[in-house]
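The values are calculated or read from the model by the stated rules, or taken from the named source; none is laboratory data. Source: prediction; values computed, not measured. Note that we place each Cβ from the backbone using ideal geometry, even for glycine, and neighbour counts take in every protein chain shown.
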Amino acid sequence: MSGLEDLYREIILDHYRSPRNRGDLPCPPAHKGEGFNPLCGDDVVLYLLADGGVIADVKIGGNGCSISQASASMMSCAIMGKTFAEARAINEAFKNILSIPDVDSNGQDVGAGETGANQEVSLGDLQALQGVMKFPVRIKCATLGWNVLTDSLDELDSC
Amino acid sequence: MTTTDAAAAADAHTAAADAHTPAASPVPAPLDGAKLKADFPLLTREINGQPIVYLDSAATSQKPHSVIAAMSDYYDRYNANVHRSAYFIAEQATTQTELARQKVRRFIGAAHTEEIIFTKNATEALNLVVNSWGRTNLANGDAVLLSLLEHHSNIVPWHILSAERNLELRWIPVGDDFQLDLSNLDELLEGVKVVAISAMSNVLGTLPPVSAIAEAAHERGAVVVCDACQFVPNRVCDVASLGADFVAFSGHKMCGPTGIGVLWGRRELLEEMPPFLGGGEMILDVSTEGFLPNTLPWKFEAGTPPIAEMVGLGAAVDYLSGVGMEAIAAYEEDLVAYAQKTLKDKFGDDIAIHGPADGPRGGSISFAYRDIHPHDVSQILDQYGVCVRAGHHCAKPLMKHLGAQATARASLYLYNTREDIDCLAEALSKASEIF
Ligand SMILES: Cc1ncc(COP(=O)(O)O)c(C=O)c1O
């Protein structure tokens with residue numbers, strides 16, 4: 001069952017069992033974004049509190065499978081305290097390891113952006129999610145929260 | 001050959017077949033699922049090094065060799081458009097497709113061949129009813145009664161029409177026993193123009209009392225639309241005793257191909273209804289001023305039909321009739337009882353089955369296993385070659401009532417065996433080792 005071990009790494013199961021930054025933030029001042037996977041009904045709610053181009057606080061809500069929820073939890077740790085630009089770079093680097101182009105939650109390609117730089121981004125624990133690659137139907141679960149992040153940052157940038 | 005000649009030829013053929021059919025024996029011959037498996041090429045496959053255990057027949061069934069062969073025979077030997085030309089293979093194609101219509105008529109006990117309308121699937125059949133009958137007969141503010149068990153295909157078309165006509169959609173609730181709660185049926189039926197109900201739930205396996213509901217609806221002058229997508233493949237279907245006015249189902253869930261479905265409707269109603277889609281095949285005459293629609297059933301079959309699929313569906317009906325629908329129903333009842341007992345005995349309170357615990361029920365077993373998400377359950381089962389579906393099963397209003405975002409669903413058919421159920425239980429126990 002080597003395949004399953006690649007998918008359900010200990011670090012992933014740990015984030016699933018004990019999700020980090022779980023909860024909500026008052027909106028405003030925080031920004032709320034939500035994404036659904038219509039195939040399986042998973043949803044991820046992302047609360048971002050921005051402070052001058054920096055993500056000052058993150059909370060995650062929603063329900064779903066281990067991969068969607070663990071990935072969102074890991075994302076919350078990775079982007080906490082980062083600038084929008086850094087968060088975008090992490091987002092891009094993460095999606096690169098799943099080798100899919102940067103898309104918004106409607107599946108629209110929003111451009112891979114100025115790549116190259118993100119080779120330097122260290123993904124740390126997030127690397128564990130690469131095992132999802134072997135299970136193509138689960139890639140949508142792994143990227144659900146990240147697509148919400150793309151949309152949320154776009155909205156925050158435009159206001 | 002004209003369409004009418006083709007139908008007559010097909011009729012003569014069926015009459016001959018009818019004459020040679022031995023009288024139905026009162027006790028169905030018991031069915032051997034393990035033996036039937038050999039008829040289905042796909043079921044000999046291995047997945048992840050293990051024999052496939054296919055438990056997703058409510059989504060789509062596997063196809064027996066005879067169906068696949070009938071379809072390739074059409075392409076190999078008599079591929080031609082139907083109802084259009086006088087040459088030999090075109091006549092053969094026309095005769096074979098009309099023969100398939102006859103087979104379906106007999107299979108569901110319809111009185112008239114022209115009541116059998118071929119569509120793309122059950123979804124298109126239901127959309128046909130809503131668009132043609134609904135648009136003609138429903139006025140602003142009219143009430144439609146649905147059940148909470150419905151598949152999206154028997155909900156969304158009504159929502160779409162409602163956006164134009166401001167229909168009042170009412171819902172028959174589902175009780176704690178997973179049966180329709182009919183205690184307020186009289187009130188719910190008050191002033192209702194149409195009742196749209198499923199004959200077998202694709203999520204819970206519930207078998208609503210369609211004929212009783214239809215009788216009550218008819219007393220109020222309402223028309224009854226029945227989604228028999230799960231019912232027709234698994235139970236003896238006799239449209240006369242079912243009592244509905246329209247019945248929809250899909251070929252691909254009854255051992256037939258995808259791309260073909262059936263709408264049966266009472267002839268009097270179908271005759272009054274305007275065409276749904278326009279184009280070739282569905283007209284008698286067209287001028288610069290207008291058109292004259294064709295007679296039934298072709299009035300509702302615009303464009304070149306799915307010819308190979310009609311032939312394939314005919315072969316599927318032959319296959320199911322050969323095994324015997326009574327035997328299939330009895331076998332599935334036994335197997336679903338075995339499955340429920342096996343899962344309960346092995347997992348106790350760790351498993352919750354959303355569906356009637358005993359009594360007659362269909363072969364869909366939706367369950368929650370511990371607090372493991374259904375998506376993860378199905379992923380782990382897949383590693384053991386066990387195919388089950390996870391999700392909302394296109395029944396979101398029902399899922400909301402169950403308080404579940406998603407469920408895992410194992411669904412049975414004639415080729416499943418007790419060993420398949422044992423494999424499911426065994427694979428499920430592995431999920432505990434990971435979570
Ligand atoms: C109860 C029920 N109704 C309708 C449908 C729709 O069938 P199709 O997608 O073949 O049109 C299905 C199958 O998914 C079903 O199970």
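Is one or more of the residues making up segment B:98-106 within 16 Å of the ligand (Cβ to nearest atom), more than 14 Å from chain A (Cβ to nearest Cβ) and buried (at least 21 other Cβ atoms within 10 Å of the Cβ)?
yes
Restricting attention to segment B:131-143, does a residue exist that is crowded, with 18+ Cβ neighbours inside 10 Å and assigned to a strand (DSSP E or B)? For segment B:131-143, residues crowded, with 18+ Cβ neighbours inside 10 Å and assigned to a strand (DSSP E or B): present.
Would you mind stating whether B:VAL225 is closer than 22 Å to B:ALA139 by Cα, within 16 Å of the ligand (Cβ to nearest atom) and either of a type outside the set (Asp, Glu) or touching a helix residue (DSSP H, G or I) at 6+ places or on another chain (Cβ under 9 Å) (or both)? Judged against the criteria, B:VAL225 is a match.
Please determine, by comparing only the residues of segment B:387-406 that are part of a loop (DSSP other than H, G, I, E, B), touching a residue at least 60 places away in the same chain (Cβ under 8 Å) and in contact with a strand residue (DSSP E or B) (Cβ under 8 Å, 6 or more places away or on another chain), which one is surrounded by the fewest Cβ atoms within 10 Å (Cβ to Cβ). Taking the candidates together, the pick is B:HIS393. Exactly one residue out of A:GLY35, A:GLY3 is surrounded by 14 or more Cβ atoms within 10 Å (Cβ to Cβ), touching a helix residue (DSSP H, G or I) at 6+ places or on another chain (Cβ under 7 Å), small (Gly, Ala, Ser) and farther than 15 Å from B:GLN405 by Cβ: that is A:GLY3. Taken together, B:LEU149, B:LEU126 contain a single residue that is assigned to a loop (DSSP other than H, G, I, E, B) and surrounded by 22 or more Cβ atoms within 10 Å (Cβ to Cβ), which is B:LEU149. Taking the criterion of being within 16 Å of the ligand (Cβ to nearest atom), assigned by TED's automatic domain parsing to the domain that holds B:ARG418 and closer than 30 Å to B:LEU414 by Cβ, would at least one residue in segment B:264-280 satisfy it? Checked segment B:264-280: no residue is within 16 Å of the ligand (Cβ to nearest atom), assigned by TED's automatic domain parsing to the domain that holds B:ARG418 and closer than 30 Å to B:LEU414 by Cβ.
Taking first residues from segment B:194-205 that are in the same structural domain as B:LEU182 (by TED's automatic domain parsing) and near the ligand (Cβ under 8 Å from one of its atoms) and partners that are assigned to a strand (DSSP E or B) and among the charged types (D, E, K, R), the Cβ contacts under 8 Å between residues at least 6 apart in sequence or on separate chains come to B:SER198/B:ASP227.
Looking at segment B:303-345 only, could you name the residues that are more than 22 Å from the chain's Cα centre (by Cα), free of Cβ contacts under 8 Å to residues at least 40 places away in the same chain and farther than 22 Å from B:VAL53 by Cβ? Result: B:GLY303, single match.
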